Amino acid sequence: MPVVNFSGHCWEPASPQLPNLYRCPNIEEGIKACQQMGKKVLISLGGATGKNDLTDEKAKVLAKNLWDLFLGGKERSDIRPFGR
């Protein structure tokens, strides 16, 4: 699972098993407002530090998790940071 850091804008973990994946209702509201105005919303991956070399299998798992958490996936809708 990805770890999210939205600079202190989110405080409630999505679940006890995922303490570094937060629900972000305020950001969710902002995303919806931007989308209603026709603005595209992007999310950036990475950061200043960290290991970014993934095996093919780990890359597939990460891609699936990102799809389910932030895009059109349905399998993890209960823990989506920006709502269902």
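The values are calculated or read from the model by the stated rules, or taken from the named source; none is laboratory data. Everything quoted here is computed from the prediction, not taken from an experiment. Here the Cβ is made from the backbone with ideal geometry for all residues, glycine too, and neighbour counts use every protein chain on show. Remember, those area values only see protein heavy atoms, side chains included, never the ligands or the DNA or RNA. Shrake-Rupley method; radii C 1.70, N 1.55, O 1.52, S 1.80 Å.
Summary of values
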item: Residues of segment 6-46 that turn out to be touching a residue at least 40 places away in the same chain (Cβ under 8 Å), of a type outside the set (Ser, Thr, Tyr) and not in a loop (DSSP other than H, G, I, E, B), as a count; result: 8
item: Tally, over segment 1-51, of residues that are among the charged types (D, E, K, R), in contact with a strand residue (DSSP E or B) (Cβ under 8 Å, 6 or more places away or on another chain) and open to solvent by 100 Å² or more (accessible area, probe 1.4 Å); result: 1
